[in-house]
Amino acid sequence: MAENQGNVRDLTADEGFKLGSFLKSWEMVLVYILIVVNITLMAVRPDLYFTSGTLQSIIQSGMDVSPLVLGMVLVLMLGDIDVSCASVMIFASMCTGLSMDQGIPMIPSVIIGLLGGVFCGFINGLLVAYVGMPAVIVTIASSMLFRGIVEIILNVNSLKNFPAFYVNISWDNLGGVFPLSLLIFLIMGAFFVYLLQKSRFGRKLYIIGNNATCGQYSGIDVKKTKLIVFMIMGLMSGIASIFFVGRMGGSVSSSMGTGYEMNAIATCVLGGVSTNGGKGKVYGPIIATLIMAFLTYTLGLMNIDANIRKIVTGIVLIIAILISNFRDASDARKKSLAAASVRTQEAK
Amino acid sequence: MKNEKSFVSRLTGSRNFGLVVVLIIIIIIAAIITPSIFKPNTFIGMIQNNAVYGLLAVAEMLVIITGGIDISIGAILAFVGVVTTRYMSENMDVPSFVWVLVALAVGLLCGMVNGLLVGYLHIVPMIATLGTMYIYRGMAFLVSQGKWWMPHQITESYQNWAVKKIAGLPGIIWILILMFIIFGFFLAYTTYGRRIYAIGTSRESSAVAGIKDSVVIFRSMALCGMLAGLAGMLYTANYATCVYTIGSSYEMTAIAICVLGGVSITGGRGRMDGVVIAFILMSFITQFISLLPGLSVWSNAIQGAIIIGAVGLNFFTIHQAEKRALKERSELI
């Protein structure tokens, strides 16, 4: 082995842009899927597809879970999960609605709603990071707790007094063409791309997701980072409440929005975020959100029942995971082959 | 070094200590506010109403111990319930035990699909079962065509599997007790059961020891599906109604019971006695809340708070026990 030590291996990472691997990346596969879904829709209902307003309403219909998706990316990146986000969303909308009912002006009410979301996230984060309970069980219990609080306060009533711009965000188009909700989603998405890919905070998440102990020993305050991530998730649930309430035409009751957390998780996973943590990008889930919207709408146009659409969603999800699993496996095989060839060359 | 631990420290070190304390507190509160909960009939009714959760908890336990999770069991329950109820109401003269076998078989099939995806195709359990949850729920709708089934469409011999009293206890409770015993024995004393724990503790070292993890995970997910199927049939027999939306989010309650009972969500730990205590605790909470007038809207919030409290207490006692064990070990050295 001694003679090998002079033979320094080339450890510089190959960061150059390669068109081939870019076209084969998971994000690009998602773009292809999106295009295929679009072409299918175009072929099935050309009259409808080219009517003005169809594309906008398809996109708008998918935007109500979009803030949850962005927040969920960060949580999944840690290797944790948050199944309470739909309940937090309803809790946040209740906070806004109640304070509007009390005659508090619009802007403070919206902020109260967002703070309500952050508060729920803070409780989740505290229990996960500092008490050390598993995220799945904490968020299952806290989703019962938060929704339960909404049930206690609202009982069977619904809140109807919401800021007018909620409905505008979900239903209006900028200049009659570009959906306002998509614009806001893309701005938030760009911020999250920066946060996760470029900022110091985001790189910490990748390290924690890959190996929390390793992160701890390299000087990352794992507990604090987890707490912050869950609070961001709470904030995003609060923002989601704006989209959601607007989508519902400005009213909210305690039984609304069940199952949204599963949609958000499914979208993230379709977007290539690993639930084991430490793997994935923000671009993927952003495209996956659009795929989900188009898929649901296309199937709806084909007169397929909502429950059968569920079957299709499930199958799409499983196939997407299978494809990405096989890709990972073949990548790993290539890498190990390359490493083996390097070893044989060194041996020579 | 002391060989004999004092009785008190052994008691507080036990994994179920936090759980039993919470159970006792709840019982005391219940005894003060609603003494009627201690009538034998109320108690039996309470267990009967929650027995489905118990069956699902046993099912979920088999999967969680391998280090996985199965969130499709609520959907399997609905699918199997719809299948057996529909074909039973169309063929009323077929003896009812056939439907139990059908339920077991269909549930087993659903579980095998889950097991295939997780065990052999290596999809993360949470996501694989999220996908199959959508699929089974959709299939439940397909089979039922959105129809309701009412008590008059359900034969008495079918209902008897859940409600007929044998030696004072309804059938569903006997089946539940049987499952607790069978699977408690299975997990604790059979080679196969110990392999499930080995996989959950460390896949690498169990692979080195010659355990095929794919096979073990496949089988335990298949068994989980089978139990969920049985729960589906018994649900429809117990309430004598059926619609494709039954059992939604039951998997969450089942997971909650498991974790309350000391089954580690990361796998490799958990015993049947803990799950049984957690099941009784959970039944107590739901029954207790439903007995209080005007409190039914509080049920979700109270359940959530109690789960957080009990699991937190459990984790706290486990951490303390681990710390103490570490300290003893360092003293030994």
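Over the residues of the protein assembly as shown, the helix contribution to mean residue ellipticity at 222 nm works out to -24000 deg cm²/dmol, using -39500 (n - 2.57) for each DSSP H run of at least 4.
Mean separation of Cα pairs under 8 Å and 6 or more residues apart, divided by the residue count, gives region A:108-209 a relative contact order of 9 percent.
Highest GNM mean-square fluctuation among A:Ser66, A:Ser241, A:Ser324, for chain A modelled with Cα contacts below 10 Å: A:Ser324.
Take each residue of peptide B:306-313, count the partner chain Cβ atoms within 10 Å of its Cβ, and average: the result is 5.
For chain A, modelled as a GNM whose springs connect Cα atoms under 10 angstrom apart, the maximal fluctuation among A:Ile112, A:Ile90, A:Ile321 occurs at A:Ile321. Karplus-derived 3J(HN,Hα) values for region B:19-34, using 6.51 cos²θ - 1.76 cosθ + 1.60 with θ = phi - 60°, are 4, 5, 4, 4, 4, 5, 4, 4, 4, 5, 4, 4, 5, 6, 7, 10 Hz; glycine and proline are entered as x. With a 10 Å cut-off around each Cβ of B:121-133, the average count of Cβ atoms from other chains is 6.
What percent does the relative contact order of chain A come to when contacts are Cα pairs within less than 8 Å and at least six residues apart? That works out to 31 percent.
When restricted to Cα atoms, region B:193-286 yields an Rg and a Dmax of 15.9, 50 Å, respectively.
For chain A, modelled as a GNM whose springs connect Cα atoms under 10 angstrom apart, the maximal fluctuation among A:Met233, A:Met63, A:Met106 occurs at A:Met106.
Remark: B:His122, B:His319, B:His152 ranked as B:His152, B:His319, B:His122, counting other beta-carbon atoms within 10 Å and listing the fewest first. Between helix B:125-144 and chain B there is an angle of about 20 degrees, using the helix long axis and the longest principal axis of the Cα atoms. Counting only Cβ charges, +1 for Lys and Arg and -1 for Asp and Glu, the dipole size of the protein assembly as shown around its Cα centre is about 1220 debye. Take each residue in A:309-321, count the other chain C-beta atoms within 10 Å of its C-beta, and the mean is 6.
Protection proxy ranking for B:257-268, B:140-151, using the average of other Cβ atoms within 10 Å per residue and placing the highest first: B:257-268, B:140-151. Each peptide among A:69-77, B:46-54, A:296-304 gets the average number of other Cβ atoms lying within 10 Å of its residues, and from highest to lowest they stand as A:69-77, B:46-54, A:296-304.
Protection proxy ranking of A:209-217, A:52-60, by the mean of other Cβ atoms within 10 Å over each peptide's residues and highest first, is A:52-60, A:209-217. Each of A:Leu182, A:Ala306, A:Thr225 was scored by the projection of its Cα onto the charge dipole of the protein assembly as shown, and the greatest displacement toward the positive side belongs to A:Thr225; charges sit on the C-beta of Lys, Arg, Asp and Glu. Taking the charge dipole of region B:194-333 about its Cα centre, with +1 at Lys and Arg Cβ atoms and -1 at Asp and Glu Cβ atoms, the residue from B:Ser283, B:Val216, B:Gln303 reaching farthest to the positive side is B:Val216.
Please give the helix B:191-201 orientation as an angle from the longest Cα principal axis of chain B, in degrees from 0 to 90, rounded to the nearest 10. The two axes meet at around 70 degrees.
Look at the alpha carbon pairs under 8 Å that are at least 6 residues apart: their mean separation over the length of chain B gives a relative contact order of 34 percent. Ordered by the count of other Cβ atoms within 10 Å of each Cβ, fewest first, B:Val106, A:Val156, B:Val297, B:Val58 give A:Val156, B:Val297, B:Val106, B:Val58.
No value in this document is a laboratory result; all are computed from the given coordinates. Keep in mind it's a predicted model, so treat the numbers as computed, not measured. Every residue, glycine among them, receives a Cβ derived from its backbone with ideal geometry; neighbour counts consider all protein chains shown.
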